[in-house]
Amino acid sequence: MNILYVTGMWSGLKDIIIDGEEPRGMPAFINPLERLIRENHQVDMIVGTSEFNKKVNENRGFLDKSNIHLIPWGTSGRTPILLWKTYKKIYSLAKKGNYDFIYVHGSFGTIGSWVARKLKVPSGHRLYGTFLMNEINNNKLSVIRRHPLEYLAFRLKKDFLLITNDGTQGDKVYKKIGKKDGFNFYYWINGVNKLTIKENQPNIGNSRFILYAARITEWKQQEKAVELLKYIHDAGYKDINLILVGHISDNGYWEYLQDLIVQFNLKENVKYLSTVSQEELFEYYRESIAVLSFYKYSNLGNVVIEALLNGAIVIANNDDSLNGIINNNENGFLIDNLHEAQNIIINLLCREEEKVRVKRNATSYANSLFESWDTRTQKEIDLIKTAVEKNG
């Protein structure tokens, strides 16, 4: 097939096409993309980014034969004029390519859906969660004005809409505002790489750290992990460290975190590792006292899935996003405040048998619940093939 991706600049994609490195983020985006290319389909890309002036790296691994166009997005406000210019640019590039399928990703991709309709090319839309759940009961015009492209992602006709089940309740948003006769709707949990997981044998080390693995940005709420570390130190456990892993997406927020660390006198106890390989990250999961997830909107994501499968002890917000994934006190912990998390960690430090029990339960239950990325990726590619075959 000849496929066009219309997408924003995800973290893992930037690693490949700008930095010429292995992807260190967004496996839900990277894995199907790589599988399509390994199957010898031609995949070209139109990427909307504020970094459109950067040069596409010549050494871009499996994307070396892809035609990649960076176009401006988000640089001068998302005005009607910018929308129209972006539409015309995507239309011009897509028309030249004679594509069998247009695959659009994220809110930016909605512009690609318009183009696909105009060109009468089969298309699918991929959303990685949604921020609309808290607003769908507001005035309709207010929602459209605040989130026009994300709203239209649920309304424009296409072959399918696939949303990650990450706890942000995309299924409920679809039921409320989705165009029921406009496309097939799918709501799937991400897969996980099971090949590097030690079979049902948690690796109980003597490491004294808690782990927060997430992009450094405000809604991921790393400040709560810093605050939790302060509580643990205040309780007398001053040898415990906090390790932060992830791209810095918000420099202003990163500066705020650094100031907070100094304010709490934790500079020697908070380690920032930027990004690490998957193998290293999995080892950090296994060796940590606990993996923390205190996101503002939802906590069902790759970190929690991978951590559980690696026998890590997950401590996360009790926000309903992990219902059916974590059974409190059995295969992980759901907390309503940081003092609960403090007590859990101190208990784990004092009771090795409790630590072993929860780790074993985490691995066992997660292995029965989550698909491998190999299986999950093939299901997504089958959606594309079905759409192309249906349209001849």
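The values are calculated or read from the model by the stated rules, or taken from the named source; none is laboratory data. Here the structure is a predicted model, which means the values were calculated and not measured. Quick reminder, even Gly has a Cβ in these numbers, built from the backbone with ideal geometry, and neighbours come from all protein chains shown. For the accessible areas, the whole protein counts, side chains as well, though only heavy atoms, and no ligand, DNA or RNA atoms are used. Shrake-Rupley method; radii C 1.70, N 1.55, O 1.52, S 1.80 Å.
Structure values in brief
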{"quantity": "Dipole moment magnitude, nearest 20 debye, segment 24-84 about Cα centre, only Lys, Arg, Asp, Glu C-beta charged", "calculated": "120"}
{"quantity": "Vicinal HN-Hα couplings computed from phi for segment 123-133 (Karplus, 6.51 cos²θ - 1.76 cosθ + 1.60; Hz; Gly/Pro x)", "calculated": "8, x, 10, 10, 10, 9, x, 8, 9, 8, 4"}
{"quantity": "Amide H partners (placed H, <5 Å) of GLU21, local residues excluded", "calculated": "ILE16"}
{"quantity": "Net charge of neighbours whose Cβ lies under 14 Å from the Cβ of ILE17, counting Lys and Arg as +1 and Asp and Glu as -1", "calculated": "-3"}
{"quantity": "Percent accessible area from carbon and sulfur atoms, the chain, protein chains only, probe 1.4 Å", "calculated": "46"}
{"quantity": "Within segment 265-311: Cβ-based charge dipole about Cα centre, in debye rounded to nearest 20 (Lys, Arg +1; Asp, Glu -1)", "calculated": "280"}
{"quantity": "Relative contact order (%) - criterion: Cα under 8 Å, at least six apart; region: the chain", "calculated": "14"}
{"quantity": "Interchain or long-range residues, amide H under 5 Å from ILE189's placed H", "calculated": "ASN165"}
{"quantity": "5 angstrom amide H check on ALA213, placed H, neighbours 5+ away", "calculated": "VAL245, LEU292"}
{"quantity": "Rounded to whole Hz, the Karplus (6.51, -1.76, 1.60) HN-Hα couplings of segment 67-74, x for glycine and proline", "calculated": "7, 10, 10, 9, 10, x, 7, x"}
{"quantity": "Over 30 Å between alpha carbons, listed pairs LYS176/LYS296; LYS89/LYS175; LYS118/LYS379; LYS14/LYS390", "calculated": "LYS89/LYS175; LYS14/LYS390"}
{"quantity": "Neighbour net charge for ARG60 - beta-carbon separation under 10 angstrom, K R +1, D E -1", "calculated": "-4"}
{"quantity": "Cβ charges +1 (Lys, Arg) and -1 (Asp, Glu), total dipole of the chain, debye", "calculated": "1980"}
{"quantity": "Largest-first principal axis extents of the Cα set of segment 217-333 (Å)", "calculated": "38, 33, 29"}
{"quantity": "log₁₀ of I(q)/I(0) at q = 0.09 Å⁻¹ - the chain, Debye sum with one point per alpha carbon", "calculated": "-0.56"}
{"quantity": "³J(HN,Hα) computed for each position of segment 80-87 - Karplus, 6.51 cos²θ - 1.76 cosθ + 1.60, integer Hz, glycine/proline x", "calculated": "x, 5, 5, 4, 5, 5, 5, 4"}
{"quantity": "Average Cα contact separation per residue, segment 235-392, under 8 Å, 6 or more apart, as relative contact order %", "calculated": "18"}
{"quantity": "ASN53 versus GLU280: modelled label distance in nm, points set 7 Å from Cα along the beta carbon direction", "calculated": "3.1"}
{"quantity": "Set of lysines near LYS267 by C-alpha distance (under 16 Å), chain-local residues within fewer than 8 positions excluded", "calculated": "LYS224, LYS230, LYS238"}
{"quantity": "Per-residue [θ]222 nm for the chain (sum of -39500 (n - 2.57) over DSSP H runs n ≥ 4, rounded to 500)", "calculated": "-12500 deg cm²/dmol"}
